[in-house]
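Asks: I have a structure I would like to understand better, so I am pasting it below and will then ask my questions one at a time.
Each value in this text was obtained by applying a stated rule to the coordinates, not by laboratory testing. This one's a predicted model, so the numbers in the text were calculated from it and none came from an experiment. Cβ coordinates were reconstructed from backbone atoms using ideal geometry, including for glycine residues, and neighbour counts include every protein chain displayed.
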Amino acid sequence: MKNMTCIRHGVTMLFFLVSSALTAQNVYYIYSDTIGGAEPWTWSPPPFNSDVMDSVFGPEGTGWIREYFETLDPESVFSASTCTVYLEGGDSHDIPLNTFLAANLPLIESWVFDGGHLLICSAPNYFGPINCGFGGVQIIWPRYAWTATTVNPLHPIFQGPYSTGDNIWDGTYFSHANLTGGTLTPLLIDSLDGDTVLAESSWGAGKLLFATITVPGWHTPAPDGFNLRANILTYLACDVCVAETPTGLYADHITTTKARLHWDAIDEVDKYKVYVYTTGEALVTKKNTTTNFLNVKELTPGTTYIFKVKSVCSETGEMSAFSTPGSFTTLLRMGELDETVNVYPNPASNQINITGITGNDITIQLVNSVGQMIYSKQNIALAGDATETIELSDISSGIYIVMIQNGEKMYRQKLIIE
């Protein structure tokens, strides 16, 4: 029981909260309802575990669900629709946790093996050992620790998104027990005797952590204890697919009949829908892809196309709005350069001149050898014997294609820049 003054290690640390909570569904925080539904350590100083849950997942009811060992439906909680479960058995909730685990371990182990994320945490005050399963993991009580240190500071739970200062935690007590058995990888140990108080274990496709630490209200400096538990829960959260509207569209590897279309990848999105149109908005092709690029072929030489992209979350069916269109123009075949159009000098160094073309809406583009557009100027008006000059001083040496569009006509010429 708590009857000692908290020990401080005298280092001032900053407390960084994540500015926006993670979006998650089917996240559970579970403990016993033996004291009227109050969570463990309600007699301790705040903050409590539920405060950490709110910070990481958002408000209770929309971001996470509170359940009790005695009344929950195990088949519903430990199902494919659940991402993260936090089982808390601290203080007087130690015996209910042990009873619940004994009754449901096969179901819980199978759920983790299939990809579930689980935290089992208990700083017992009345009972031990607690049998946690997973190859014989046990919480051995009593083994009190005032100070804990990291074993692997590079583990994600010590990297953020919340600041954990110098990765040394004090408390009265910080932990009430130690972890043994199974195939545990220690993450935090008692600074005095090396007992494991926080550990990770490999179990199928899931994520699995065990802890014997008390609630943040008993830890000093206060922000670090809160932030440690927040990082643990962030680590156990599932990545959620959000079908954002794609951006960054461009095309390269452009030939007379082919092009490669690109856009910026979106985290967790697993499919994109790509639509290619003529400038007259006639649909040319639509395709699905799991990458953030697509090769299109059987295009018409000397034709301008636009393309739009949607992102899709396959599991939920969520689909984004169309992206802002990208555009590209296929090359003309050799020999289709109008005899009156002249691009000189060729080879060139500092600039080129273009003559022999008349119009009010001329576009001039310079494309490199892999089809990437490296220069473009639009809405050019030329009359009679007018000359359009393009500066080349910032363009690297190499072989390029000069593409000139005048209304429905497209001119193409190879250009060497020395």
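Asks: By how many nm would the segment from residue 267 to residue 38 grow when fully extended, if each residue of separation counts as 0.36 nm and the alpha-carbon distance is taken off?
Replies: 78.7 nm
Asks: For the cross-link pairs 258/308; 308/414; 207/271; 273/377; 286/377, which exceed 20 Å when the distance is taken from alpha carbon to alpha carbon?
Replies: 308/414; 207/271; 273/377; 286/377
Asks: Using Cα springs under 10 Å in a Gaussian network model of the chain, which residue among 102, 386, 259 shows the largest mean-square fluctuation?
Replies: 386
Asks: Within the set of other residues whose C-beta is less than 15 Å from the C-beta of residue 83, count the net charge using Lys and Arg as +1 and Asp and Glu as -1.
Replies: Counting the neighbours of residue 83, the net charge comes to -4.
Asks: Would you mind computing the Rg to Rh ratio of the stretch 250-329 from its alpha-carbon coordinates, Kirkwood style for Rh?
Replies: 0.98
Asks: Would you mind telling me the antiparallel percentage of the DSSP bridges in the stretch 27-236, rounded to 5?
Replies: For the stretch 27-236, the DSSP antiparallel bridge percentage is about 55.
Asks: Taking the Cα centre of the chain as origin, sum charge times position over the Cβ atoms of Lys and Arg (+1) and Asp and Glu (-1), and report the length of that vector in debye to the nearest 20.
Replies: Charge dipole of the chain: 980 debye, to the nearest 20.
Asks: Separate question: If all Cα-Cα distances of the stretch 163-245 are sorted into 5 Å bins from 0 onward, what percent lands in each bin, rounded to whole numbers?
Replies: Final binned percentages: 3, 13, 22, 23, 17, 10, 6, 3, 2, 1, 0.
Asks: Still on this model: For the stretch 281-383, which trypsin sites (Lys or Arg not before Pro) are both in a DSSP coil and crowded by at most 16 other Cβ atoms within 10 Å?
Replies: 297, 333
Asks: Could you tell me what a quarter of the Cα convex hull surface of the stretch 342-417 works out to, in nm² with one decimal place?
Replies: 4.5 nm²
Asks: OK, next. Would you be so kind as to identify all helices of the chain, as entire DSSP H runs, whose Cα atoms reach 24 Å or more along the helix's own axis and whose mean Kyte-Doolittle hydropathy is at least -1.0?
Replies: 94-113
Asks: Estimate the FRET efficiency between residue 76 and residue 304 by the formula 1/(1 + (r/R0)^6), using the beta-carbon distance for r and 60 Å for R0, to the nearest 0.05.
Replies: 0.65
Asks: Local charge sum around residue 50 (other residues, Cβ-Cβ under 9 Å, Lys/Arg +1, Asp/Glu -1)?
Replies: Residues near residue 50 contribute -3 overall.
Asks: Expressed as a fraction of 2.2 N^0.38 Å, the rule-of-thumb size for a compact globular protein of N residues, what is the C-alpha radius of gyration of the stretch 261-418?
Replies: 1.23
Asks: What translational diffusion coefficient, in µm²/s and rounded to a whole number, does the Stokes-Einstein relation yield for the stretch 48-118 at 4 °C and a viscosity of 1.567 mPa s, taking the hydrodynamic radius as the Kirkwood radius over Cα pairs?
Replies: Calculated translational D: 99 µm²/s.
Asks: Another question, then. DSSP loop (so not H, G, I, E, B), at most 14 other Cβ within 10 Å: list which chymotrypsin sites (Phe, Trp or Tyr not before Pro) in the stretch 275-354 pass both filters.
Replies: 322
Asks: If you don't mind, there's one more thing I want to ask. Please report the antiparallel percentage of the DSSP beta bridges confined to the stretch 74-192, to the nearest 5.
Replies: 70 percent
Asks: Is the shape of the stretch 27-236 best called rounded, prolate or oblate, per the rule: a/c under 1.5 gives rounded, else a/b larger than b/c gives prolate, else oblate, with a ≥ b ≥ c the square roots of the Cα gyration tensor eigenvalues?
Replies: rounded
Asks: Separate question: Sum up the charges of everything whose Cβ sits under 15 Å from the Cβ of residue 251, counting Lys and Arg as +1 and Asp and Glu as -1, but leave residue 251 out.
Replies: Net local charge, residue 251 excluded: +3.
Asks: Out of the DSSP beta bridges found with both residues in the chain, what percent are antiparallel (nearest 5)?
Replies: 80 percent
Asks: Give the residue list of trypsin sites (Lys or Arg not before Pro) in the stretch 204-273 that are DSSP loop and have at most 16 other beta-carbon atoms within 10 angstrom.
Replies: 258
Asks: Here is a further query. Give, in nm to one decimal, the length gained when the segment between residue 322 and residue 172 is fully stretched (0.36 nm per residue of separation minus the Cα-Cα distance).
Replies: 48.4 nm
Asks: Given q = 0.17, 0.18, 0.22 Å⁻¹, what are the Debye log10 I(q)/I(0) values for the stretch 64-162, with equal point scatterers placed on the Cα positions and solvent ignored?
Replies: Computed log10 I(q)/I(0) values: -0.90, -0.99, -1.25.
Asks: Continuing with the same structure: Of all alpha-carbon pairs in the chain, indicate the percentage at a distance above 37 angstrom.
Replies: Tail of P(r) above 37 Å: 47 percent of Cα pairs.
Asks: Dipole of the stretch 142-286 (Lys/Arg Cβ +1, Asp/Glu Cβ -1, origin at the Cα centre): which of 177, 253, 235 lies farthest to the positive side?
Replies: 253
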